[in-house]
Amino acid sequence: MKIYNTRTRQKETLKTREPNVLHMYVCGLTPYDSMHIGHARAFTVYDVLRRYLEHRGWRVIHVQNWTDIDDKIIQRANELKVSAKEIAERFIAEAEEDCRDLGLLQPTIMPCVTEHINDIIKAVQMLIDRGYAYARSGNVYFDVSKYESEFHDYGLLSGQTRDELIAGARVAPDEDKDDPVDFALWKAAKPNEPFWDSPWGKGRPGWHIECSVMSLKYLGAPFDLHGGATDLVFPHHENEIAQSQALIGVKPIVTCWMHSGVLTVGGEKMSKSLGNFVTLRAALKRHGKNPLRLLYLSTHYRSPLDYSEERIEGAKASLRRIRTAIEVINTKLATETSEENDDKKERASELMQLLEESTRLFYEAMDDDLNTAEALGYLFRIVGAALTYNAIVKESPSHSEKVVLSLMKDRLTNLLSVLGFDVRELEAPERLEDALGEELLKLLIEVRAQLRQRRLFDLADLIRSKLSELGIALEDTPQGTQWRKT
RNA sequence: GGCGCCGUAGCCGAGUGGCACAGGCGAGGGACUGCAAAUCCCUUCACCCGGGUUCAAUUCCCGGCGGCGCCUCCA
């Protein structure tokens, strides 16, 4: 399988330390607020990568951190007059629930920064000892010039040289630093801030060091793949590389850097600071997990993805199409097997050919830098074939047709679950949360059937239109009246 | 200002040096239906602009224009 490697700026065959085992580190959240659908997009990308590799027989060791101590957490804690710890715990619990509801596989290991303070202090000390870092009044900074003089790759990931970064001139001036591009490994605690004791006084880790320490601790060096969204390329991942390589002396420390595109709204990046975010929780409640996942996967993971209600409604309609196709196949399979003849055999073999071709192309698309958008196209070819077959062929299927229909259904559900869709939800009959409501609905449908039989269509239509206003759509099919939520 | 990505039908969105079969949504027409819905069929025929390379460019190169991301916390 090929993945686009940000470090080399090209698609590369995924090379791993051990054959068919992927050691993957994904940058997790800073839990200072509810997670939004932009975060969820990134996590969905790595979730699909993992599901796909596991489907192909790989083992994936997936480490995803919680940056549970940070300026923003402290700020939020002060606003709400609670401890930083409480804030972090609260939003970690919330995010874990949201991720589960979205159908994300739980990472193998989810380390917290606050549980690795000693490891971090050791790492910072080691960097100082080796001359890659210096302490200034309780702070410790990474010495980029020193690093660059030995490793010659600072800026490689983000495509900027050290000089260009300085010329950017927006690097925060900090009197303590020897150089504007140097960055904090350890930050001295200000009054009323949480702290840990260290050789440099009371303080807490800087932003990037936790990922270096925890990725190396749990995955070793070099490890296979490091993921995150593009907005982490600089400075976070650039600095992480410098720290890790200075620490271990191995270059490159990560074989493949994978970055997902950001989620935008009206063309602007979704972010807390712009206030244009939709929480994952709200989106799940309103739309459900499958539509959200389809929206994510219908754009290539490296492209920006613009979120809109219109698009998610489109995703819902697409999903209904898949659902209908599966239903149609089930119905056909449930009918009596008809006698075989040449026409049926030929139809079956045509369907089989389409199925095998679409499946092959699906895998090729996935192997080509996780092109889920293209892969979905092939999946919809199978869907379309099933629907067309159903519309054209009125007689019940023969043995050979049943064989291929059954294969189509299995393949569809299989590929859908590889992409992480909840197939059970897709296949399950519609339900209302309220059992009584559902009974009443069934009663109404029964009454309406009687009305229709007596050709009292005015009343039957009244029931249908009133239910429609309540968000229930009725569809009269040869198998009786079906209902669904709208 | 620097670095990078992108510009494909009404919308979203894959893709390719050789007639653009992606796929989805939407719209219009038809079939089906008591009427709808769903479904099927048909229509909706698009590669930002200007150069260059080439027998051939939407695809490669250069230059514009436009959009976005990063350069400050960000998934």
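The values are calculated or read from the model by the stated rules, or taken from the named source; none is laboratory data. Only a predicted model underlies this, so the values are computations on that prediction, with no experimental measurement involved. Here the Cβ positions follow ideal geometry from the backbone for every residue, glycine too, while neighbour counts run over all protein chains shown.
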- All positions within the stretch A:110-157 that are among the basic types (Lys, Arg) and under 23 Å from A:Val250 (Cβ atoms): A:Lys122, A:Arg130, A:Lys146
- Test result for A:Ser149, over 36 Å from the mean Cα position of the chain (by Cα), away from RNA strand B (no atom under 16 Å from the Cβ) and either within 18 Å of A:Glu238 (Cβ to Cβ) or at pLDDT 95 or above (or both): yes
- Are any residues in the stretch A:345-387 surrounded by fewer than 21 Cβ atoms within 10 Å (Cβ to Cβ), closer than 18 Å to A:Thr335 by Cα and within 34 Å of the chain's Cα centre (by Cα), and if so, which ones? A:Leu387
- Output the qualifying pairs, or none if there are none: Cβ atoms under 8 angstrom, residues six or more apart or on different chains, first residue in the stretch A:290-319 and without any contact (Cβ under 8 Å) to a residue 24 or more places away in the chain, second residue surrounded by 17 or more Cβ atoms within 10 Å (Cβ to Cβ). A:Leu295/A:Leu305; A:Leu295/A:Tyr307; A:Leu295/A:Ile312; A:Leu295/A:Ala315; A:Arg311/A:Leu295
- Item | Any helices (runs of 4 or more DSSP H) falling wholly within the stretch A:379-486 and containing at least 1 residues that are farther than 30 Å from A:Thr44 by Cα | A:399-418, A:435-453, A:457-469
- Please enumerate the residues belonging to the stretch A:357-400 that are β-branched (Val, Ile, Thr) and either near RNA strand B (Cβ under 9 Å from one of its atoms) or closer than 17 Å to A:Asn414 by Cα (or both). A:Thr359, A:Thr372, A:Ile382, A:Val383, A:Thr388, A:Ile392
- Residue that is closer than 30 Å to A:Val48 by Cβ and within 13 Å of RNA strand B (Cβ to nearest atom), where the choices are A:Leu225, A:Leu165, A:Leu219, A:Leu232: A:Leu232
- Item | Every residue from the stretch A:432-453 that is within 16 Å of RNA strand B (Cβ to nearest atom) and out of contact with any strand residue (DSSP E or B) (no Cβ under 6 Å at 6 or more places or on another chain) | A:Leu441, A:Leu444, A:Glu446, A:Val447, A:Arg448, A:Ala449, A:Gln450, A:Leu451, A:Arg452, A:Gln453
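One line per residue, one yes/no per condition, for (1) within 18 Å of the chain's Cα centre (by Cα); (2) farther than 30 Å from A:Glu96 by Cβ; (3) more than 8 Å from RNA strand B (Cβ to nearest atom):
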residue: A:Lys285; (1), (2), (3): yes, no, yes
residue: A:Arg293; (1), (2), (3): yes, no, yes
residue: A:Glu310; (1), (2), (3): no, yes, no
residue: A:Ala315; (1), (2), (3): yes, no, no
residue: A:Arg321; (1), (2), (3): no, yes, no
residue: A:Glu327; (1), (2), (3): no, yes, yes
